[in-house]
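The values are calculated or read from the model by the stated rules, or taken from the named source; none is laboratory data. Since this is a predicted model, take the numbers as computed values, not measurements. Reconstructed Cβ throughout: ideal geometry from the backbone, glycine too, with neighbour counts over all protein chains shown. Calculation scope for accessible area: heavy atoms of the full protein, side chains included, ligands and nucleic acids excluded. Shrake-Rupley method; radii C 1.70, N 1.55, O 1.52, S 1.80 Å.
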Amino acid sequence: MTILFEPDRRWSGHLAPQLGPGVLTTSRLEDVERLLADQHAEPLVLFGPGTDAGLALEFAARQRVARPAVGVLLLRERLDVETMGHALRAGVRDVVDARDIVAVRTACARAMEVSRHLLGAAPTVGGQPTAPARVVTVFSAKGGVGKSTLATNLAVSLAEGGKRKVCLVDLDLAFGDVGIMLQLAPERGIADAVAAGDRVDATLVRALLTTYAPGVEVLLAPVGPSDAERIGRDLVAKVLAAVRTFADYVVVDTPAAFTDPVLAAFDVSDVHVLVATPDVPVLKNLRVAMDTLDLLGLRGENRLVVLNRGDARVGLTAADVERVLKTPITAQVPSSRDVPVSINRGVPIVVDKPNHPVSAAIRDLALGRIARQTTPRARGLRDRLGRPGGGKS
Ligand SMILES: Nc1ncnc2c1ncn2[C@@H]1O[C@H](COP(=O)(O)OP(=O)(O)OP(=O)(O)O)[C@@H](O)[C@H]1O
Ligand SMILES: [Mg+2]
C-alpha cells in the first residue's frame, strides 16, 4: 500500500497518476495513521514536496520505533545535503527529486523491497501468502496474424481498470510493437536488465516498467534489434520470475519464432494463447508449432486457440481450421477495419471502442477463459473485502 501525503493539490494531481494504480492521496496525517493501522504488505508513505520537512521527519522517527516496516520517502523540489542528512538520520529511507519520476519510482520499489524483507521474505497481500502471477503467452508461428493486437488488448481487459495488476512483457525483442501500439515512450525496458546480470530481482524489474493505465504496466522491448541479441533465455527467465512476484497476470507478446526468450516464456506459462488466421500457411505452421510444444513437454495448463479474422471470406471456415489444427477453437475475433484504425491511433480497441464486437470477443476471452480460475492472490483480497468471488465460470 502506497500513501502520498501532499497538501498541495497541484503536486498530488501530478504525482499520484504516475505512481501507478492504488496510490492513496491525503493531506491529513490522521488518515495516514489510520491507513497504517491495518497490516499491509509493503507499507510506504511518500511525503510530497509541498510537505513541511519537519513534519515528515518527525513522522519517520516515530514510525522507526512503532512500525519499522513502514517505508518513508521524502520528495523535494530541490535536494540539499543538509535536509538529506537530517532525513536519513530520522529514518527516512530516501530523499528524492520530485520532478524526476523515474528516480521516485525506483526509490519506491527499493523501499517496498525493504519493507517486504522486514515483514518476512515471502510476498504477501494483507498478510496472506500470494501465488505467483499467471503467465499468458500469446504466440503464433507466422507474423502479422494479430499477436500484438491480442496481447495488448488482453492485458488491458485483464486489468479491468485497475482491479488486477497486469504486466505486459514484449518479447518481440527485435521488432516489438507494444510500445508504439500503446504510445509509450521507450525510456526504459528489458534491455536495461542486461547490465544487472545475476542481480535481476523484483526491485530492478519494477523500476524498468512503464505504466500504461491503472493496473497495466509494460516491460518494453529494446528500441533497436542489436540490443535484442544480448537478451537470452536465462535473463528472460529471471525477469519473468521477478515479475510474477508482484503481478496478478503476466501477458507475454512474442515474435513468430521459437527464440530462446520465447522458450523461456513457455517454460513458465500457464496459458498458451495460440493465434490463427484462416490461411493455409498460418494453420500449417501453427500445427507444427503445437507438435513442437508437445515434444518439448510444454503443454501449459491451458492451450487456447484463437481464430482472428475468421469471418474474412477466404474459403476456410472455422470447422476447417479446427480440422487442420486438430484442436477446438476457444474464441473467434472478427475482422474489422476498426482494429488498424485503433492501432494507428495508439489506443487499444477495448479502450477506444469497448462495445465493438472485437472488444467484446477479446474481453470474453480475458475474463471468461483466462481469468476464470480464481488465483490465491485474488482470493486473499476478496476474503478480506468480504465479497463473493467474481469472474464467469
Ligand atoms: N481482427 C482484426 N481485424 C482487422 N485487422 C486486424 C485484426 N487483428 C489484427 N489486425 C491487423 O493485422 C496487422 C497485424 O497485427 P499485429 O501487429 O497484432 O500482428 P502480429 O502477429 O503481432 O505481427 P508480428 O508477427 O509482425 O509481430 C495489424 O495491422 C492489425 O491492425
Ligand atoms: Mg507483433
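If I go through the range 90-114 residue by residue, how many of them are among the charged types (D, E, K, R) and part of a helix (DSSP H, G or I)? Even if it seems obvious, please write down each step before you answer.
So in the range 90-114, the residues among the charged types (D, E, K, R) come out as 93-94, 97, 99-100, 105, 110, 113.
Keeping just the survivors that are part of a helix (DSSP H, G or I) gives 105, 110, 113.
Qualifying residue count for the region: 3.
Apart from one condition, residue 179 fits all of (1) within 16 Å of ligand 2 (Cβ to nearest atom); (2) in contact with a helix residue (DSSP H, G or I) (Cβ under 9 Å, 6 or more places away or on another chain); the exception is (2). When you check residue 216 against the structure, is it more than 16 Å from ligand 2 (Cβ to nearest atom), among the aliphatic types (A, V, I, L, M), more than 26 Å from residue 362 (Cα to Cα) and in contact with a Leu (Cβ under 9 Å, 6 or more places away or on another chain), yes or no? When the stated conditions are applied, residue 216 does not pass them. The residue of the range 161-181 that is nearest to ligand 1 (Cβ to nearest atom), among those that are open to solvent by 30 Å² or more (accessible area, probe 1.4 Å) and in a helix (DSSP H, G or I), is 180.
Table: residues versus (1) open to solvent by less than 20 Å² (accessible area, probe 1.4 Å); (2) closer than 27 Å to residue 119 by Cβ.
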site	(1), (2)
10	no, no
36	yes, yes
43	yes, yes
56	yes, yes
65	no, yes
78	no, no
94	no, yes
100	no, no
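For the range 12-34, the set of residues classified as surrounded by 19 or more Cβ atoms within 10 Å (Cβ to Cβ) and more than 22 Å from residue 114 (Cβ to Cβ) consists of 12, 25, listed by residue number. Would you confirm whether any residue within the range 182-192 is open to solvent by less than 30 Å² (accessible area, probe 1.4 Å), within 16 Å of ligand 1 (Cβ to nearest atom), outside the structural domain of residue 35 (by TED's automatic domain parsing) and polar (S, T, N, Q)? Checking the range 182-192: not a single residue is open to solvent by less than 30 Å² (accessible area, probe 1.4 Å), within 16 Å of ligand 1 (Cβ to nearest atom), outside the structural domain of residue 35 (by TED's automatic domain parsing) and polar (S, T, N, Q).
Against the conditions (1) within 16 Å of ligand 2 (Cβ to nearest atom); (2) in contact with a strand residue (DSSP E or B) (Cβ under 8 Å, 6 or more places away or on another chain), residue 278 satisfies every one except (1). Residues in the range 224-265 that are within 16 Å of ligand 1 (Cβ to nearest atom) and among the polar types (S, T, N, Q): 2 in all. For the range 309-346, a residue qualifies if it is in contact (Cβ under 8 Å) with a residue 60 or more places away in the chain and either outside the structural domain of residue 154 (by TED's automatic domain parsing) or open to solvent by less than 80 Å² (accessible area, probe 1.4 Å) (or both), and the qualifying residues are 333, 339, 343, 346.
Which of the following residues is hydrophobic (A, V, I, L, M, F, W, C), modelled with pLDDT of 95 or more and either within 11 Å of ligand 2 (Cβ to nearest atom) or in a loop (DSSP other than H, G, I, E, B) (or both): 154, 150, 158?
Values: 154 fails: either within 11 Å of ligand 2 (Cβ to nearest atom) or in a loop (DSSP other than H, G, I, E, B) (or both); 158 fails: either within 11 Å of ligand 2 (Cβ to nearest atom) or in a loop (DSSP other than H, G, I, E, B) (or both).
Within the list 154, 150, 158, the selection yields 150.
Taken over the range 206-215, the residue count meeting the criterion of being of a type outside the set (D, E, K, R) and touching a Ser or Thr at 6+ places or on another chain (Cβ under 9 Å) is 2. Here residue 135 fits the description: modelled with pLDDT of 95 or more, away from ligand 2 (no atom under 16 Å from the Cβ) and not in a helix (DSSP H, G or I).
Would you confirm whether or not the range 26-35 contains a residue that is closer than 19 Å to residue 206 by Cα and assigned by TED's automatic domain parsing to the domain that holds residue 106? The answer is no, given that none of the residues of the range 26-35 is closer than 19 Å to residue 206 by Cα and assigned by TED's automatic domain parsing to the domain that holds residue 106.
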